[in-house]
Each structure stands twice: as structure tokens, then as C-alpha cells.
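Shown next, in C-alpha cells, is the structure this report addresses.
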Protein chains: 4
Amino acid sequence: MKAVVKTKPEPGAELQEVDAPTPGPGEVLIKIAATSICGTDLHIYEWNDWAKSRIRIPQIMGHEFAGYVEEVGAEVHTVSPGDYVSAETHIYCGKCFLCHIGKAHICRNVEILGVDRDGSFAEYIVVPERVVWKNALDLPPKVASIREPFGNAVHAIKRAQVAGKRVLIFGDGTIGLMACAVAKALGAYSVWLVGLVKRRLELARALGADEAVNARAADPVAQVRKWTEGLGADVVLEMAGAEAAFRQALEAVRPGGRLIAFGLPPREVPLDIPQLVFKEVEVVGVVGRHIFGTWEQATRLLSRLDLSPLVTHELPLSEFQLGFEKLLRRAAIKVILYPGE
Amino acid sequence: MKAVVKTKPEPGAELQEVDAPTPGPGEVLIKIAATSICGTDLHIYEWNDWAKSRIRIPQIMGHEFAGYVEEVGAEVHTVSPGDYVSAETHIYCGKCFLCHIGKAHICRNVEILGVDRDGSFAEYIVVPERVVWKNALDLPPKVASIREPFGNAVHAIKRAQVAGKRVLIFGDGTIGLMACAVAKALGAYSVWLVGLVKRRLELARALGADEAVNARAADPVAQVRKWTEGLGADVVLEMAGAEAAFRQALEAVRPGGRLIAFGLPPREVPLDIPQLVFKEVEVVGVVGRHIFGTWEQATRLLSRLDLSPLVTHELPLSEFQLGFEKLLRRAAIKVILYPGE
Amino acid sequence: MKAVVKTKPEPGAELQEVDAPTPGPGEVLIKIAATSICGTDLHIYEWNDWAKSRIRIPQIMGHEFAGYVEEVGAEVHTVSPGDYVSAETHIYCGKCFLCHIGKAHICRNVEILGVDRDGSFAEYIVVPERVVWKNALDLPPKVASIREPFGNAVHAIKRAQVAGKRVLIFGDGTIGLMACAVAKALGAYSVWLVGLVKRRLELARALGADEAVNARAADPVAQVRKWTEGLGADVVLEMAGAEAAFRQALEAVRPGGRLIAFGLPPREVPLDIPQLVFKEVEVVGVVGRHIFGTWEQATRLLSRLDLSPLVTHELPLSEFQLGFEKLLRRAAIKVILYPGE
Amino acid sequence: MKAVVKTKPEPGAELQEVDAPTPGPGEVLIKIAATSICGTDLHIYEWNDWAKSRIRIPQIMGHEFAGYVEEVGAEVHTVSPGDYVSAETHIYCGKCFLCHIGKAHICRNVEILGVDRDGSFAEYIVVPERVVWKNALDLPPKVASIREPFGNAVHAIKRAQVAGKRVLIFGDGTIGLMACAVAKALGAYSVWLVGLVKRRLELARALGADEAVNARAADPVAQVRKWTEGLGADVVLEMAGAEAAFRQALEAVRPGGRLIAFGLPPREVPLDIPQLVFKEVEVVGVVGRHIFGTWEQATRLLSRLDLSPLVTHELPLSEFQLGFEKLLRRAAIKVILYPGE
């Protein structure tokens, strides 16, 4: 089968012809209908420090996808050939303390698709039965593919507790934009996005943001203070992964407010702890999605929200390089790859 | 009357003879029976950067106290001469957004006793009626005086949600020590304290800590990992106010755990945000006490816990210098001053 | 001044000329611009068992209102003549355990306007300064008058935790209808109302309900099961105050769901406790509003929601009898009385 | 093998020689070391209405046990022969909405050991791998057997949120008694038990209750009011399953308090809904245990609490009739049966 493989410890990836995988006991073989490129894939493509320390080559990249079950291995009881599915990308053990207390998404023994084992930028993928999610038949494959990152946005907004609140989001990437739509759908009183790219700010407004400001044109903290009579936003989500954004997020949140830490700044961020203390801010780290509570919530929201404006490019798998390049230049938001074309 | 006054913009303070205050409308005049020295008083005494920026001299220092109502001003309806009282030190406005949503302790217009107005290191103090708390008659004045910082410990432990949890406390100061006792009383499964002073570690154990370790003798993070099969503590309270402790606290808390930020590190602390994110840690700033929810909870706990071992020195007000010196050398834990002697 | 007074221990009320009240210390005299009739007023008018046991006659009725401060008594510091205000109707003591822990709305010593002291169906009313709420100047008096019951709906929906949920509301009275709008605004995924009056069901849909069903035409429990693949609604609010509705509410809520008890059935309701247990339902009693957290939340929502369709009748105070009659026949929803006309 | 079998649709059960079960795919065969009699077993033994409607005969009774894995079927990966285990008795599907949102204990497709399939009153039992729990090797079989009902008590107390609270428990059965110990361990300020049997009240005190009162000798509601200055208990747990207790529980809980509904009254209980509303009580249904969050919590508590006083009788399996008789007369608390003797 064709697959996009990380073959060398350097930037880039290659389209190769490799053997299709076969499902072992408890595993499912899925024919990929659509797969999408995530920020994590960019890190692996660019071969940053995190990728160097974590990825074993050669490995097939990718983890967001939708497809059809082609074959099931032994010991599989709840999935059948022909099922239209996506998958939770965090393969949890189900037996550790964290799995036991309902936090399988931060399982001590987690293995991640496309990071710790072969991924979805290929004609076929094999995943354990327990991470398979059956999609509604009328959900287009491109949307079913991006429901994994959509789940990130849903999980972050749920933990942010936005109902009736004034919400500030830093970051105009895919998750930040999705978060605008989710925050509105889950009852935020106001949603304000801070970003850098004009087209994305427009998209934020189209997705439901009440305001979208360019961090280069105006001081976001001053802006939020103006909108809130000096008080600050009830909830701030840091989804830019930038030191400046994180520090501004702490400035912009009101006393007694919540700051969702979602982005991954590349270096340590110096924080003014007394500010955090005197304001009694709650800084809440958020990663992944609840398995499968978030999937249930996302299923409902997907029936109401139109995520298709986020898909800016649809390409055959063979043109994956173009997709990566556009994303690296921030000229694309979500790129879908079709192995079948 | 006699009062300890901050008179000059430099380290130190003076015992002076000043006019006793008179209660205005809505105010209460209290004759001080016992007053105690807090870390904030040390900052003012030493005249650190925070003190320079906040304190207007001359001003009477001190805010922890117990005493008897001497006289009430006009418009006072719920307090009478002779009442045995302490006081909430955060004078809240009652009218701002934060007061309205039940967070008067972080009121936008807060005024703090001994910081923004004359304090309790004197024979008399005047406070607004609305911050007066009536003490049980059998509570000794020295304990009634330290119920204000005890409230800090209670509030921190309540927000830490310790029932059934393995709890790690950084800091062997008054609040860290009190927190050991409160955590045990509120159902912590294990309480471990990290400190620096042998005598205080012993006191931690006497107050209920299961273990008390010297941060200079052993790596607290390694120690906690050993006790928790590598998982980390469910809850960590940073009550040392030191950069190293804060960073260790983040290392020591388990995935999905809570980190209470209570101490005030003097400089910005560089934090590994991806660690916070991937572990889904909640960093919760905690300051003051709920007004008056924490006072109600503290009243119950005071009937069960013996705080007197924390009072290491009892001095006449005139010997306040000795108290300050002992505290600055960490040779005392809690120093009570008696204006009446 | 003119006032609607309950004068006799029997059904009815009288318009009388009485002395205008004068504000004592800590009190405020308000000239009523608009006042509205609540279900509680109907009980007093009809003189039901509860009214007989609680109301001391003669007493001026009414508690929902908006008006202008005419005069302030001694000891009033935060309200001035000319202020445009409404009032929290639960006059809390501020000193009991429940007030201390942030539950002043269920204060042990509560006194209710129009129930325990003279109310607002008059040209003037006197209330304590501490329950006065300043309205936005652009809020019409008729809306400012019904913000008190609107606060009930907001408080109930906040406690119901509706974001992302499928919500079923029993009762097409004022609060049930308001709750449809609030639930939608605070992120409910679906809102279904069960009522009895066609016109009200239409209004429910206009205010945001996805479905509004007539309890006489269809079995609400069966209907909800159909909509939820047999699971039940995530959240059910009982706002009808009827035994049948309460029992159906327990049937209709899904395992692990929430049932808000808001209505007041006139007799004890036999409940199937094992059903409640096996489904792990949470039945949450809700009354009044948080003072003043709900008022802050309501202020935001009032800037987004149009409540005017709920006002079906506007009358001069002298025609109060007509308003009561229409309400008793359920031919009106909200009736505004204007003392100034 | 020997087994206690419900063979006829009438009171009683029989010791029979039956074929030992064999583990199918995903199943585990366990040799029973100790098994204990639960209230549910009594209902089946007595053949009450619930048993008539639910139990298919013939069926082996029992569900609380500890034992050693004898053999594992195909597809079993995490359990091995020789493992010392107990089991969660709720066999959840893992695929329904409730399992997905973390509420597998109220799974829509739940199957219960000893109720819906053969149980543990036998030499061997077969259970699915996913409900097996590995015990600490030093936990005596009789304690490991009763950790299942202990989990009920832990789950109930966790949901009751007892830390710092005044807690009233109705019911001197096994769970009520265990709940005294758990409430104390998880930080309750006061624990008061209401029961009927003198010996059990003494045991409640031995397990940590501050007071244990006989409902026949004193009015529990009046008693609690006396202890709480008329306010009521912060938290009340109804673990008696009696109508009178449920009604008293609602009377005894303070405004803003929590009432845990755990017992199963045999008939509908008429409830005063306005009381529940005006007091803003939360009535929380509690059943089973979180799978496996409660097991983790219980593991910690078992290392601190001594449950052995609850085991009043230890019998060979062949003398099960004696155990049932003693329990039906309330002459025993917990009866352990040993198939190996």
C-alpha cells in the first residue's frame, strides 16, 4: 500500500510502497477514506526536538482519519467489516490508576497513533478495537477525520466551564478556531479570539466569535480590560503555544477566573506566581479528550456545527508535501489527504 | 495608647505613644487582648519591594488579633461592647462583581488591616462592623489571634480537596504546619511535608504529618515518587514561596492532580507548561479565606485541633523587636504580642 | 398613596388609600414605576393554606418591581435619590450560618417582600439598602420588574448544568417559559417543554424550545424516550408544581441525570425511591436566586434575550383585579401594573 | 462442585452438587476462598417481589467473594492462574452512553453476578476478565470478600462530600456501619448513626461514630436539631431503606444540605417537595461503586481501617442456612461462607 513514512532523522517524509498491516488479536484493519494533518505531524515532519526524542523511524505518520473496517482480527467482538469509523488516538491500557479513575486519556502507559506506532497517512491502518468509534453514516469523511482535533476543542471548552461567561481565546490555529464555535454552542456569553492572520480572524468571526483581534495591531490585554471595565475575562484559553500569549493570558484573566493551558510553548515560561495567587486564578492543563465522554459530546455538537470552512485544502495522499508546505507557511488551516485518489 | 508604628521608609519599626482611634459610623473599637506577627508584617518590617510600593507611612502594623469590643460607633447594630472578637482582615466593599459572586476575599476594592490602614499592634484598633467575628468564649486569646492565618490553611486545604488523597506540602512555615493538621482532619490519606528546619519537621509530625522530610537532605520529588510507585502526589501545596519548591511541586504532582499555589516566590518562576498540559495538572491560586465560610469551617476545626504548639513565643507588645528578630532568623514560629502587659 | 392591600382573611384584595411609608435607618424609599404579579401573589389573593399560615393582614401585596429612589434614610451610603432600581425580595440577615457560607437566599432569618412585610403593589415601597439592585438605564421598567422571576429561571438553569445537555422542562408558566430561553442561551443542546396551553407552547418555541408538547395530547415520558433512544433526558426541570409532573420528571430523567425541583406540588408526592437510587438521579431543590451572583448573570442575559413577549398585559394599578382574574384563568402570562397611571 | 442454588420459586435455597463452570473466551475461572452474604441474597432467599421478577431459576446465588484464579479462557491477557482476586459485580458493556461518560456502574446493559448469572456461593465461579480486581496479598480472604459492599459505603461517602461536615446516617446495617468508619476516615467533623439494635449501635461507636442513637428511644430529628442549634445535619445518608427514615432524613438535613438516597424502601415514599425546594436540598441517588475509581479509593482505606469487627460469623458453605437465618433475624452482621471447609 502507499504510505507517508518518516524514514530519516531529518526534516521531511516520503511516500513509499509498504506492506499493508494485518490485524492481530483484538485489532481492526481500516481502509482510510480521509486523513488529516495535525500540528503534531508538522513537528514530526520538521523533526523538532520533541520528535527527535520520541519518534522511532521508520514509521508511518498521521493519526486523524475516517475509514471503513476492512477486516477484524481474532478476539474482536464489537466491530465488523464495513463499519464506518474513526479512532481515539490515545491507546490506553485500561489497567493503571489513571485509567481506573476515569482519566484514560492521560493513561500511564499510553501509546499514540502516528507517534508511537504506525499511523493513518496510508491506505490502511490497524488499531485496537477498544479505540474504534463508529461514525454517523451521514458524516462526510473529511469531517469525520477532523473530529479528533474537534474533540480537543470540545474537551478544552468543557473544562473551561464557559456557560454565561466572557471567554478569551489565544491562538488562531485549528483548535482555537474550533473552540470559538464550541464555546458559543455551549453557552459562552462572549467569545473573543486573539490571533495573527487576517483570514483566520475572519473565519473566527464566521464560526461565532464576537470579536477577533490581531495581536500585532492591538494589545490584547488592554483590549480585554476595555471590554470588561478593567476586570478581565472570566475564562481564558491559551491555544497559541507562545510564551507571550501565556503571559498575556494570565494578565487578561479576571480574579477568580480560569486559564486553560492547552498550547505547548517551546521553552519554559516565566510566570508571576503572586499574580496567580492574589487573583486566585485556576490554571488548568488540558490535553486529548475524555475517552469516550468527549466523543459523545462531540457527536451531538457535530450535528449542529458546520466545520467544513476549516477544511481549506483537500489533496490526494501523494500530494502530502504540498499540504505540509501550506501548513508550515500557515497558508492552510486543515488539509485533508485522500489515499483513495 | 502604645502602638508599633512603621515610621520611616527603611527597615524597622518603633513603639510609640499615639492617640487611640475613635470608631466612626459603622465602626467598632476593640481593645486588643492578643495580636500575632505574620509574614506580611516581616515584609513591612524589613521594608522589601512590595512594602515600599504599598505601605503609606506612618502606619500602625499588624492584623492578626483577638480582643474585646470597647465601644461601637453610630450605625452599628450587630456588635456590642464586651463582645469577644477577632476580625477578617480583608475589608471588602460588598458591591463589586467579585463580592456579588461570593468572592469578597478578592474584592476589587479590598482594604487590608495593617497594610492599607492602621493595624493591631496597639492597645486598640478600629475595624468596620462587617468584618468582626465573634469568638467562642473559651478560645484563648492567643489561639483566637492566630485563627486568621489558620483560616488561610483551612481555605487552602478545602480548595485542595484532600479527602482520601496523598498530599504533599512544601513549606515548614506557620501555614504549612497548620495545613498538616487541617489536611489530616479533613480526611487526607497521607500527609507529607517538605521543609528545612529540623524542629519544624518534628512539629509537622506532631501535628499529623505522616512524613516530614528535609529538602536539603533528600530530593523531595524522588522521595514522593518512591512513596507513590512513580505516580506522584494527588495534591501538592506550595507554601514555601520559593522558586525551587514551585518547580518541584509541578514535578511531584501526579497526572490529573492539583497544585495549590499559596506561597509568593520573589521572582518570576520559569515553568514547563507542556508538563502541566500533558499531566492535565490544575494549578489553583489560593489567598485569604472565604468570608465567612472559612470562618465557620475553622470554628469547627478549632474545637478539635490544638494549635498551641505553634505558639513558640509570647511577649509584651513592648518587646516586639525580639519577636521580629526571632522570626527573621526562623527561630520562632508564631509570636504573640500582648499590649496589656 | 394608592396600594393593593390584603385586608381580610378571605379571597381578594382591595385598592386603598394608605399612608406612604418613610424610610428608617438603612432603608430606601422607592417610587414604583412598574410592578408585576407573581404566582405567590395569586396564592395570597386566593388565600390558600400557605397564605393563611404565613400572611399577617392588613398587608400591601407584591414584590416584583422597578422604580426610582425617592428618598434614603439614615445610614444609607450606596444608594441615592434618582437611582433606577429593582430589589432582591429575600431580605437576608447576613449573620447566620447560611449567609456566612454564601447561601443568603435561604437565610435562616429571611423576610420576604410582600409576604412578611409591605410589598410593591403601591405607589411607593421601602426596602433595606442591602437588597437594592441598580438597573441599566436602558432596561424598560416592565422588563426590570420581571427580572426578579427571571432570576429564578437563571438560578434554576445554572444549577441544572445544561451546557451540551438534552433538557426537559415541565411547566408552561412564566418561569418554565423563561427557562427555555435561558437554557438555550447557556448552551443546552436540546430544550423540550411540556405544558398544557397551546398559546404558551407556541411562546416556548418562540423563546427557543426545540419542541413543546401538550401533556394532554401525548405522554411526555414516552415522547422523551423516543427522542433519546430510550435513555431519558440529561436534565429535567419540574416547574409545574404538579404531582403528575414530578413523577413523570423522575421517569423521564436518564440514569446519572439531574432533576431540578422548583415547582411546589400542593400535596406530598409519592416517589419511587429505588428508581431514584438505581438511576443515581440527583434531585436538586432550587429556590430564589443567589444574592447577587444570579443578578450579575441575569444582567448579562438580559442584554441578549427579549423577555417582552412574556408580558401579555399592562394595566394601571387600579385595574389589578382584572390582572389577577386573567392570571387565575391562565389567560395571561405576565401582568404589569403601573401605579403611575 | 458444591453450590448454593436457588432451585424453586419459593423461599429457601439448596446445597447441590453441580458441574463446575468452564471459562469461555475473555473469562476467568476462580476458586472461591471466601464468599459473603449480602442483603440482595436475602431478598432472593426470601423470594420477595423483586426476586420473583428478576431471578431465573435454577441459579447459583452470591456475588461477594475473594479467591484464586484457577484457569483463564481464551482472549484473557491481564489475569493469570494463581492471582488473588475479587470482582466488581456489575458486568458492564463498555459501549453504551453511560459507560462512555464514566458511569459504567449504571451501564444500560448491566448484568449482575448472582442475580443475572451464576454467583459465588460455590467452589468456583466464572467472571469476565474485565471485572476482576487483584487484591493485595496480605488482605485476609474474609476482608477481601466484603470489599464489594465496602465499596458501596466508600462510593456513598465520596458522593456525600463529608469533609468538615456534620453527618447523619440512618441505618445500622452493614453499609451504614461501614459508612461510619469511612466518613470519619474521609474527614467528617461529626458522625451520628441512627439505628435499632443496641449491639450495632455499640459497633457504630467502635467504628468511629461520635453518637449512635436508637430510633425507638428518641426522635432522631429532634436529636439532630438539638446537636445543631436547630439547623440540621450538613449531610444525611439514608441507608435503612425505610419510609420513616427517608422522611426523617429530609427533615433532619439542613438547608443547602445533601441527602444520600441509598436504601430501598419497599413502597413509594410520600415526600414534602416544598420542603425540599425551600431548603434547596440535594437528594442524590447512590448505587454500586465507580468502576474502578472506588476500588482504588477502597484499597487505600482498607490499609487503614479494620473491618473485621463486622464479620460476626464464619461458616462452611454447607451451613449457609444458618447464616441466612441469623441474618434474617438480624442476629448477624456479616456472614462469611467458606466453600473449602
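Cβ-Cβ contacts under 8 Å between residues 6 or more apart (or on different chains), taken from a first residue in segment A:44-55 that is closer than 18 Å to residue A:265 by Cβ to a second residue that is among the aliphatic types (A, V, I, L, M) and surrounded by fewer than 18 Cβ atoms within 10 Å (Cβ to Cβ), are listed as A:46/A:328. Would you check if there is a residue in segment C:205-219 being more than 24 Å from residue D:246 (Cβ to Cβ), surrounded by fewer than 18 Cβ atoms within 10 Å (Cβ to Cβ), free of Cβ contacts under 8 Å to residues at least 12 places away in the same chain and within 14 Å of chain A (Cβ to nearest Cβ)? No, segment C:205-219 contains no residue that is more than 24 Å from residue D:246 (Cβ to Cβ), surrounded by fewer than 18 Cβ atoms within 10 Å (Cβ to Cβ), free of Cβ contacts under 8 Å to residues at least 12 places away in the same chain and within 14 Å of chain A (Cβ to nearest Cβ).
Among the listed residues A:58, A:11, identify the single one that is within 22 Å of residue A:326 (Cβ to Cβ) and of a type outside the set (Asp, Glu). Step through it out loud before you land on a result.
Values: A:58 fails: within 22 Å of residue A:326 (Cβ to Cβ).
That would be A:11, the only listed residue that is within 22 Å of residue A:326 (Cβ to Cβ) and of a type outside the set (Asp, Glu).
Assessment of segment C:261-283 against the conditions (away from chain D (no Cβ under 14 Å), buried (at least 22 other Cβ atoms within 10 Å of the Cβ) and not in a helix (DSSP H, G or I)) yields no matching residue. If the condition is being within 10 Å of chain A (Cβ to nearest Cβ), touching an Asp or Glu at 6+ places or on another chain (Cβ under 8 Å) and under 30 Å from residue D:334 (Cα atoms), then segment D:80-120 contributes only D:103.
Scanning segment A:287-300 for residues that are buried (at least 22 other Cβ atoms within 10 Å of the Cβ) and away from chain D (no Cβ under 14 Å) returns a single hit, A:288. Of the residues making up segment D:159-200, those that are more than 15 Å from residue B:184 (Cα to Cα), within 14 Å of another protein chain (Cβ to nearest Cβ) and of a type in the set (Lys, Arg) are D:159, D:166.
Can we say residue C:255 is part of a strand (DSSP E or B), at pLDDT 95 or above, more than 13 Å from residue D:277 (Cα to Cα) and within 7 Å of chain D (Cβ to nearest Cβ)? Break it down stepwise before answering.
Details: part of a strand (DSSP E or B): yes; at pLDDT 95 or above: yes; more than 13 Å from residue D:277 (Cα to Cα): yes; within 7 Å of chain D (Cβ to nearest Cβ): yes.
The answer is yes for residue C:255.
Here's the yes/no breakdown for (1) in contact (Cβ under 8 Å) with a residue 24 or more places away in the chain; (2) crowded, with 18+ Cβ neighbours inside 10 Å; (3) part of a loop (DSSP other than H, G, I, E, B):
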{"residue": "A:85", "(1), (2), (3)": "yes, yes, no"}
{"residue": "A:93", "(1), (2), (3)": "no, no, yes"}
{"residue": "A:105", "(1), (2), (3)": "yes, yes, no"}
{"residue": "A:115", "(1), (2), (3)": "yes, yes, yes"}
{"residue": "A:120", "(1), (2), (3)": "yes, yes, yes"}
{"residue": "A:125", "(1), (2), (3)": "yes, yes, no"}
{"residue": "A:130", "(1), (2), (3)": "yes, yes, no"}
{"residue": "A:142", "(1), (2), (3)": "yes, yes, no"}
{"residue": "A:148", "(1), (2), (3)": "yes, yes, no"}
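Every condition in (1) under 30 Å from residue B:288 (Cβ atoms); (2) surrounded by fewer than 18 Cβ atoms within 10 Å (Cβ to Cβ) is met by residue A:316 except one, and the failing one is (1). Please verify whether segment D:201-212 includes one or more residues that are at pLDDT 95 or above, over 20 Å from residue D:259 (Cβ atoms), in contact with a Gly (Cβ under 7 Å, 6 or more places away or on another chain) and in the same structural domain as residue D:264 (by TED's automatic domain parsing). Scanning segment D:201-212, I find at least one residue that is at pLDDT 95 or above, over 20 Å from residue D:259 (Cβ atoms), in contact with a Gly (Cβ under 7 Å, 6 or more places away or on another chain) and in the same structural domain as residue D:264 (by TED's automatic domain parsing), so the answer is yes.
Pick from B:57, B:30: which is assigned by TED's automatic domain parsing to the domain that holds residue B:122 and surrounded by 16 or more Cβ atoms within 10 Å (Cβ to Cβ)?
On the way: B:57 fails: surrounded by 16 or more Cβ atoms within 10 Å (Cβ to Cβ).
Only one candidate qualifies: B:30.
Only one of the numbered conditions (1) farther than 24 Å from residue B:26 by Cα; (2) touching a helix residue (DSSP H, G or I) at 6+ places or on another chain (Cβ under 8 Å); (3) of a type outside the set (A, V, I, L, M) is violated by residue C:26, and that is (1). For beta carbons closer than 7 Å, sequence separation of 6+ or different chains, a first residue in segment A:316-331 that is assigned by TED's automatic domain parsing to the domain that holds residue A:45 and a second that is buried (at least 17 other Cβ atoms within 10 Å of the Cβ) and assigned to a helix (DSSP H, G or I), the qualifying pairs are A:324/A:45.
If you check residue C:188 against the conditions, is it buried (at least 24 other Cβ atoms within 10 Å of the Cβ), out of contact with any helix residue (DSSP H, G or I) (no Cβ under 7 Å at 6 or more places or on another chain) and closer than 28 Å to residue A:157 by Cβ?
Details: buried (at least 24 other Cβ atoms within 10 Å of the Cβ): yes; out of contact with any helix residue (DSSP H, G or I) (no Cβ under 7 Å at 6 or more places or on another chain): yes; closer than 28 Å to residue A:157 by Cβ: yes.
Answer is yes for this residue.
Filtering B:300, B:304 for residues that are assigned to a loop (DSSP other than H, G, I, E, B) and not polar (S, T, N, Q) leaves a single hit, B:304. Against the list (1) facing another protein chain (nearest Cβ under 8 Å); (2) touching a residue at least 40 places away in the same chain (Cβ under 8 Å); (3) out of contact with any helix residue (DSSP H, G or I) (no Cβ under 6 Å at 6 or more places or on another chain), the condition residue A:245 fails is (1).
Of the residues making up segment D:108-156, those that are farther than 27 Å from residue D:309 by Cα and within 16 Å of the chain's Cα centre (by Cα) are D:112, D:115. All of (1) touching a residue at least 60 places away in the same chain (Cβ under 8 Å); (2) closer than 21 Å to residue B:316 by Cβ hold for residue B:68 with one exception: (1).
Could you please give the count of residues in segment A:307-341 that are of a type in the set (A, V, I, L, M), under 21 Å from residue A:5 (Cβ atoms) and in a strand (DSSP E or B)? Break it down into steps so the answer makes sense when it comes.
If we filter segment A:307-341 for residues that are of a type in the set (A, V, I, L, M), which is where we start, we get A:307, A:310-311, A:315, A:317, A:322, A:327-328, A:331-333, A:335-337.
Right, trim to under 21 Å from residue A:5 (Cβ atoms) and you get A:315, A:317, A:322, A:327-328, A:335-337.
Filter again for in a strand (DSSP E or B), leaving A:315, A:335-337.
Final tally of qualifying residues: 4.
For segment B:13-72, taking the residues that are within 14 Å of another protein chain (Cβ to nearest Cβ) and in a strand (DSSP E or B), the one that is nearest to the chain's Cα centre (by Cα) is identified as B:27.
The values are calculated or read from the model by the stated rules, or taken from the named source; none is laboratory data. Here the structure is a predicted model, which means the values were calculated and not measured. So basically every Cβ, Gly included, is an ideal-geometry build from the backbone, and we count neighbours across all protein chains shown.
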